[in-house]
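The values are calculated or read from the model by the stated rules, or taken from the named source; none is laboratory data. None of the values given here were measured: they were computed from a predicted structure. FYI the Cβ positions are ideal-geometry reconstructions off the backbone, even for glycines, and counts take in every protein chain you see. Side chains included, ligands, DNA and RNA excluded: accessible areas come from the protein's heavy atoms. Shrake-Rupley method; radii C 1.70, N 1.55, O 1.52, S 1.80 Å.
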Amino acid sequence: MSAVIQDFIVHQLRINAEQELVLVPKAACFSISAQIEELAQQLHHSYNAKPGKGVGALSDEEHPDFAQLLAQLQGEQLDFHAFSVSIAELLKKTLLDFATPESGFVIFSRYQFLATDYLLVALVNTKEHVEINHELELAYSDHLDLARMQLAARVDLTEMRVNADKQRYVSFIKGRAGRKVSDFFLSFLGCQELVDIKQQNKQLVASVDEYLASEQLAPQEKQQSRQAVAEYYKEKLDLGEDINIQELSGRLPGDEGGTFYDFVKTEISESPLEEVFQADRGALKGLSKFSGAGGGVTISFDRGLYGERVRYDINTDTLVIKGIPPNLKDQLLKQAKE
């Protein structure tokens, strides 16, 4: 499914000869060509694939600039080009205030996907690529490194219009491990984080396990139910759609005593599950595998093997595996002969 691109522009933040961070704005928005549509699609999919996002809303109190400029864009007081330049200047100012030496290309994309309007803002660096032509000569070029995009936020403009009170219309990448990059980015947006997407997905997987444990199901039925949840996740990830708890509930067994949706709504939790939230690809592993690492040992196996090829003895804290993988078995046999 394709996104409909309305506006697309790129500006550059770079360090000049005086070692100052400067903004180099583009004079006008790009014409929406096939190449721009493809780039915008890649940006959309790269953003969706990023794990561990936060969700919240724009604030008009401590850091109101982004919200005010967006309101002017929505009210047609600013065109998209003027809006993008003002936002890029705001980003530069925030970087300087936080003494964060980030440079790169500031990308703005306004588009519609599945009848929902979005505004995506990202700071992306480039990566050098080597190409070879028909004469076997090498050529070097810089490409936008979307796979390593770490500073990006997306405003669900439709949700902002119809459900602003829920304060769930802004999502953002939470930053690199070991660096609190998201601190200045949240300040730039004037955004308050209200939902941790990664935590929501972990909690959903745990809730599925608890629900299946509470139902009178055979082990095979439980495994089939987990597989149904995993397939639902894959569908949503492929389509770029959100997880919907009520929709997911229809994929799981239920009776007069209640459904998975009822179970989730009555669960006591400090952080209740949202009705709708973005899927995190990492959740798939928890649905299909048992895994763990520690003390120099790393173990991972399919859930369907537990109770058959893999058994756990609680009393002795021992894991018994029948049918060792051939490559591991070869290594063990060689070690046993030494």
Computed over the stretch 164-315, the distribution of all Cα-Cα distances in 10 Å bins, rounded to whole %, is 9, 33, 33, 19, 6, 0
The orientation-averaged projected area of the Cα convex hull of the stretch 56-185, in nm², is 11.0 nm²
Counting only residues 5 or more apart in sequence or on a different chain, those whose built amide H sits under 5 Å from that of Tyr169 are Gly56
Non-local residues with an amide H under 5 Å from the amide H of Lys289, with H modelled 1.01 Å from N and Pro and chain starts lacking one, are Arg303
Going residue by residue through the stretch 122-133, the Karplus relation 6.51 cos²θ - 1.76 cosθ + 1.60 with θ = phi - 60° gives ³J(HN,Hα) values, rounded to whole Hz and with x marking Gly or Pro, of 9, 10, 10, 9, 10, 9, 6, 10, 10, 10, 10, 9
From the Cα centre of the stretch 12-88 to that of the stretch 219-294, the distance in Å is 34 Å
At the level of C-alpha centres, the distance separating the stretch 304-338 and the stretch 108-178, in angstrom, is 44 Å
In debye to the nearest 20, the charge dipole size for the stretch 242-311, taken about the Cα centre with +1 at each Lys and Arg Cβ and -1 at each Asp and Glu Cβ, equals 620 debye
Farthest towards the positive end of the dipole of the chain, among Gly54, Gln74, Tyr118 and with Cβ unit charges of +1 on Lys and Arg and -1 on Asp and Glu, lies the Cα of Gly54
Interchain or sequence-distant (5+) residues whose placed amide H lies within less than 5 Å of the amide H of Leu151 are Leu123
A convex hull over the alpha carbons of the chain yields, per residue, a volume in Å³ of 242 Å³
Everything considered on the Cα gyration tensor (a ≥ b ≥ c; rounded for a/c under 1.5, else prolate if a/b is larger than b/c, else oblate), the stretch 257-338 must be described as prolate
With +1 on the Cβ of every Lys and Arg and -1 on the Cβ of every Asp and Glu, the dipole magnitude of the chain about its Cα centre, in debye rounded to the nearest 20, is 1200 debye
XL table Lys26/Lys50; Lys53/Lys166; Lys127/Lys202; Cα-Cα > 29 Å flagged, in table order, is Lys127/Lys202
A correct Karplus calculation of ³J(HN,Hα) over the stretch 139-155, with 6.51 cos²θ - 1.76 cosθ + 1.60, θ = phi - 60°, whole Hz and x for Gly and Pro, returns 9, 10, 8, 9, 10, 5, 8, 5, 5, 9, 4, 10, 10, 7, 9, 9, 9
Where a ≥ b ≥ c are root eigenvalues of the Cα gyration tensor, a/c under 1.5 meaning rounded, otherwise prolate if a/b exceeds b/c and oblate otherwise, the stretch 205-288 counts as oblate
Applying the gyration tensor rule to the Cα atoms of the stretch 1-113 (axes a ≥ b ≥ c; rounded if a/c under 1.5, else prolate if a/b exceeds b/c, else oblate), the class is rounded
Result for the chain: accessible area per residue, probe 1.4 angstrom, in square angstrom, of 58 Å²
Sparse-neighbourhood loop hits (GluC sites (Glu not before Pro), the stretch 27-126; DSSP loop; Cβ within 10 Å at most 15 others) -> Glu61, Glu62, Glu76
With all protein chains present, the chain has a carbon and sulfur share of its accessible area (1.4 Å probe) in percent of 49 percent
